[in-house]
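Taken together, the values in this text are just the output of simple stated rules run on the coordinates, not laboratory data. Quick caveat, the model's predicted, so the values are computed rather than measured. Using ideal geometry, Cβ is built from the backbone for each residue, glycine included, and neighbour counts are taken over all protein chains shown.
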Amino acid sequence: MSKIRIAILYGGRSVEHGVSINSARNIFQYIDKNRFEPIPIGIALSGTWYKTEGVNKEIEKGEPLSLSLNPAATVFTTAGGQSFSVDLVFPVLHGTDGEDGSIQGLLKAMDIPMIGWVARPCR
């Protein structure tokens, strides 16, 4: 059986950016890597998304990502041209964009399954 590819989305444009990094670091460390393939995706304070090696506070050292606006297409593409999709997103964002439903709404619009609440209850 193949592993479930789970994006751990962390960081963000919030004053709670550092709290999000700590939370995501714990999830990345303790997730069952026999069942899941964790893919860390950090959001810098600027709002730019990066594919990172592990979870760390130096998000900008990762590879910048773009998100396809076509739900039927591959979801993410790195600046180097590597495209990949995920089975599930685990948003580990606190404060702005993480708790107001913004990210959840984006993921829902893109038909990307996620852990947590849908946008409506986040209002």
Worksheet item: Of all DSSP beta bridges in the chain, what percent run antiparallel (nearest 5)?
Response: 40 percent
Fill in: Orientation-averaged projected area, Cα convex hull of the chain (nm²)
7.4 nm²
Item to complete: May I ask you to list the trypsin sites (Lys or Arg not before Pro) in the range 1-93 that are in a DSSP loop and have at most 15 other Cβ atoms within 10 Å of their Cβ?
Response: K3, K33, R35, K57
Practice prompt. For K3, list the lysines whose Cα falls under 26 Å from its own Cα; do not include residues on the same chain fewer than 8 positions away.
Written response: K33, K51, K108
Worksheet, complete the sentence: Loop-resident GluC sites (Glu not before Pro) in the range 21-98 with no more than 13 other Cβ atoms inside 10 Å, DSSP not H/G/I/E/B, are E53, E58
Practice prompt. Would you mind calculating the relative contact order of the chain from Cα pairs under 8 angstrom and at least 6 residues apart, reporting the percent as a whole number?
Written response: 27 percent
Practice prompt. State, in angstrom, two size descriptors of the range 11-78 derived from its alpha carbons: Rg to one decimal place and Dmax to the nearest whole number.
Written response: 12.6, 34
